[in-house]
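Okay, so here's the structure we're looking at.
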Amino acid sequence: MRIGVLGGGQLGRMLALAGLPMGVEFTFLDPAPDACAAAVGRHLPAPYTDPTALAELARTCQRATYEFENVPVQAVRELARSVPVYPPPRALEVAQDRLAEKRFFRSLGIPTPEFAAVDSLAELEAAVEQVGLPAVLKTRRMGYDGKGQRVLREPRELQPAWEALGGDGLILEAFVPFRRELSVLAVRDRAGQMACYPVVQNHHEAGILRLSVAPAPGLDSALEQLAHDYARRVLHALSYVGVLCVEVFEVAGMLLANEMAPRVHNSGHWTIEGAWTSQFANHVRAVAGLPLGSAQARGWCAMVNLLGEQPDPVEVLQVPGTYYHWYGKAVRPGRKVGHVTVCADRLELLLERLEELRRRGLRVPPVPASTAPQP
Ligand code: AMP
């Protein structure tokens, strides 16, 4: 079996690293000549919409998937005409538009922050009346890692924010004074079987994921169930196949959905060593039509993203329970170039190991009991 993948970054690379032992091979369509997944599969360097490359993918692969969220939906639909594509293109379409995504959550009874569509300065003023301040103004499309967003605190900030972001459609959301950010990863196969990973606690810096801890320490079991229920509702509604991530805010004993990613996700990298079946292995299994594996955690895990930095693996790997992942990408400021996972059978031991990594020079943010944002 060969799976065609739209996108050939680190997510594609880790998919192949999980799929190859099961005899599944990969072809990556990615315009970047130095796509880092090329080390573990065939690489077609072409634009995502290139008809020849899409036809080649369809001819040589028995299934297709995507690992990059901004691939044009048209390309995915085109591919789906000749080869089964999982997750379904509809999932990508919903996830690419923050407004459609929030309306979709609401249609499933999943609560979200208050929001309003904004297409003009007058609509922004009306949206602020409705949603209140502080609020977050976001572009509906192509935003990721905190790009394309502005926090609004005062009425005088409206016009400059509109001028900076206005154009292709915006959404205004109430600023949520969350206790912490969590994410839930789940997987569904073609027969409708589902498995949910333990809920993860995430810590972002400047909109980029820096640290994940799993399972989320001290999470109320009712909230854990609720997060799993949100994920199951989304999977079911979309007749989804593959791994899905839903990011939520924990606030006042409730979970509000922020966004979803119809693919394997950075907050699930810990599952490579920390769960019985990694998110990558389960995604490959679902797409290839193989039975899903257990999504249970083996113990406690933390994942630290390496952002534009290459720590010495000799230092990092001296700490017991530690795993070093390097994506083979050129180092640029702030770029995700690798991650470090730390595992332990007790939370206290996990925190001690993180402290030891700090002493050895790894930039590890403090594990926050609460990551409440400052508006
Ligand atoms: P997003 O691209 O929507 O995931 O936003 C990036 C980060 O901005 C999130 O991980 C949060 O830390 C923060 N953020 C986004 N939306 C809100 C909101 N409505 N209220 C508070 N913080 C937010």
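Laid out as a table, the results:
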item	result
Meets criteria (away from the ligand (no atom under 11 Å from the Cβ) and closer than 30 Å to Ile3 by Cβ) for Pro84	yes
Within segment 202-292, strands (runs of 3 or more DSSP E) holding 2 or more residues that are farther than 27 Å from Gly321 by Cβ	242-251, 254-261
Single residue of segment 217-256 satisfying the filter (more than 15 Å from Ala186 (Cα to Cα) and within 16 Å of the ligand (Cβ to nearest atom)) that is most open to solvent (accessible area, probe 1.4 Å)	Ala252
Extreme residue, nearest to the ligand (Cβ to nearest atom), among residues of segment 49-81 that are open to solvent by 20 Å² or more (accessible area, probe 1.4 Å) and hydroxyl-bearing (Ser, Thr, Tyr)	Thr49
Members of segment 68-103 that are in contact (Cβ under 8 Å) with a residue 60 or more places away in the chain, in contact with a helix residue (DSSP H, G or I) (Cβ under 7 Å, 6 or more places away or on another chain) and within 23 Å of Lys138 (Cα to Cα)	Glu69, Leu92, Val94, Ala95, Glu101
Criterion: open to solvent by 50 Å² or more (accessible area, probe 1.4 Å), within 12 Å of the ligand (Cβ to nearest atom) and over 20 Å from the mean Cα position of the chain (by Cα) - qualifying residue of Pro155, Pro177, Pro160	Pro177
Considering residues of segment 266-287 that are closer than 24 Å to Gly192 by Cα and open to solvent by 20 Å² or more (accessible area, probe 1.4 Å) only, the residue nearest to the ligand (Cβ to nearest atom)	Ile272
Complete set of residues in segment 116-144 that are surrounded by fewer than 15 Cβ atoms within 10 Å (Cβ to Cβ) and within 10 Å of the ligand (Cβ to nearest atom)	Tyr144
Total residues in segment 17-56, condition touching a Phe, Trp or Tyr at 6+ places or on another chain (Cβ under 6 Å), farther than 16 Å from Gly338 by Cα and in a helix (DSSP H, G or I)	1
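The values are calculated or read from the model by the stated rules, or taken from the named source; none is laboratory data. Quick caveat: nothing in here was measured; it's all calculated off a predicted structure. A quick note on method: Cβ atoms are made from the backbone with ideal geometry, for glycine too, and the neighbour counts reach across all protein chains shown. For accessibility, only protein heavy atoms count, side chains too; no ligands or nucleic acids. Shrake-Rupley method; radii C 1.70, N 1.55, O 1.52, S 1.80 Å.
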